[in-house]
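To start, the structure itself, in structure tokens.
Laboratory data are not the source of any read-out in this text; all were calculated from the coordinates shown. Bear in mind the structure is a predicted one, so any value in this text is a computation, not a measurement. Neighbour counts run over all protein chains shown; Cβ positions are idealised from the backbone, glycine included.
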Amino acid sequence: MILLLPGAIIHDEMVPARAPWLHLIRAGQTLRIVDLEGNQAVDFLIYAAEDDAERYSAQDTIAAQGNIFLREGSVLLSNDARPMMTITASSVAYHDTIGGACSCESNTLRYGHHTKSQHSCVDNFLLANRSAGRTKRDIVPNINFFMNVPVEPDGTLGIVDGISAPGLTVDLRAEMDVVVVASNCPQINNPCNGFKPTAIRMIVAV
Ligand SMILES: [Zn+2]
């Protein structure tokens, strides 16, 4: 299902498998993320362009909407409880808010010491943020678009086979000027990328 974007396209970029991405999205612009080959997790942070002390807050977003999943209509709130972006369309049923970003530390703990040198989303966040002077202390709990982390009635969660598919999309309208920092997740030890990281496409429309 390909929906029309609201206006003229001002940026259209392929992000290779395993790569970071940083981009300024002005208030009113829409970012479309395209999961080109299906089941590719996109780890995602948002900072206010004016002052990056204000940034995406999973806790505020989850509490305000009373639900742990992000869907069409979800408003992504900052740590000041202000709307940063709104999910205006999604051809995937829901997106994850609690699975976090992979790191060499979490990989080693979960999958063994031999995974310590594998590239991770935290590496990508650090690489992308470096140009803006941000460091590890600026990385907060992130969104995972196209990633399936179901939660059982007893609170158990898992990272399981995805519910996305080739060409599915999520559209986010910026409600303020924001800097988006994304990691095209390099994880190969669990099904979040179908064990094969692939490219994604980032389109910005005005
Ligand atoms: Zn990852």
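Beta carbons within 10 angstrom, averaged per residue: use that to sort the peptides 170-182, 18-30, highest first.
Result, highest mean first: 170-182, 18-30.
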Practice prompt. Would you mind computing the Rg to Rh ratio of region 33-90 from its alpha-carbon coordinates, Kirkwood style for Rh?
Written response: 1.00
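What does the charge dipole of region 61-116 about its Cα centre add up to, to the nearest 20 debye, if the Cβ of each Lys and Arg holds +1 and the Cβ of each Asp and Glu holds -1?
Charge dipole, region 61-116, about its Cα centre: 120 debye, nearest 20.
Under a point-charge model restricted to the Cβ atoms of Lys and Arg (+1) and Asp and Glu (-1), what is the dipole moment magnitude of the chain relative to its Cα centre, in debye to the nearest 20? Numbers along the way, then the final one.
Numbers: 15 positive and 22 negative charges, 91 e Å.
For the chain, the charge dipole is close to 440 debye.
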Worksheet item: Taking the C-alpha atoms of the chain, how large are the radius of gyration and the largest Cα-Cα span, Dmax, in Å?
Response: 15.7, 48
Fill in: Volume of the Cα convex hull of region 85-206, divided per residue and given in Å³
140 Å³
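Report, in debye and to the nearest 20, how large the dipole of region 94-206 comes out about its Cα centre when Lys and Arg carry +1 and Asp and Glu carry -1 on their Cβ.
Details: 9 positive and 10 negative charges, 97 e Å.
Roughly 460 debye, rounded to the nearest 20.
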Discussion item. Can you compute the radius of gyration and Dmax for region 3-74, using only the Cα atoms, both in Å?
Written reply: 14.2, 35
Worksheet entry | Relative contact order for region 2-156, counting Cα pairs under 8 Å that sit 6 or more residues apart, in percent | 26 percent
